[in-house]
1. Residues with amide H under 5 Å of GLU83's amide H, sequence separation 5 or more or different chain, H placed in the peptide plane at 1.01 Å from N; which?
2. Going by how many other beta carbons lie within 10 Å of each one, how would you line up GLU120, GLU73, fewest first?
3. Between LYS107 and THR28, with labels modelled 7 Å along Cα→Cβ, what's the label distance in nm to one decimal, could you check?
4. Tell me, ILE116, ILE122 in order of fewest to most beta-carbon neighbours within 10 Å?
Amino acid sequence: MAVPVAAILLYGLWIWGYFSWHWEDSATRKAIYAEAQVLMHMPPGKDLVLIPAPPGEGPSDIYQPRRVPKAIESLKPFSVDIEKDGVWIPTRHYFDDESGYFVPRDKAFDPRRKGIGSWEPIGDGVWWYHLS
């Protein structure tokens with residue numbers, strides 16, 4: 001009986017860690033916000049380009065390092081999407097679920113009003129989101 005309980009607890013901790021948000025330090029959040037502001041000068045719908053990884057080097061897609069700003073790149077995002085409402089930085093995918101960071105174009109914008117997913121303001125104009 002102890003083995004199944006331990007396995008369930010370990011699985012629960014993994015799920016909690018997988019879907020929990022990051023509490024980046026204030027300097028990192030400010031850098032993410034500043035870099036997102038620069039990216040917002042690109043037209044909406046202009047996403048940073050993914051290029052195929054060489055065979056045997058991990059994930060099927062990697063970033064061109066020169067195209068992704070340093071603080072945003074440190075988050076290890078799957079993509080960086082510049083949209084009309086802001087910059088989306090997804091960092092986790094699990095089937096139909098997606099989690100990551102969001103920087104709205106307007107600081108007064110509250111994405112919780114969209115009525116989809118869960119949102120947490122983590123400070124300095126940066127939000128953590130989870131969509132399922």
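1. GLY45, TRP88
2. GLU120, GLU73
3. Spacing of the two 7 Å Cα→Cβ label points: 2.2 nm.
4. By the 10 Å Cβ count, ascending, the order reads ILE116, ILE122.
Values quoted throughout were computed directly from the atomic coordinates according to the rules given, and no laboratory measurement underlies them. No experiment lies behind these values; they were computed from the predicted model shown. All Cβ positions, glycine included, derive from the backbone under ideal geometry; neighbour counts span all protein chains shown.
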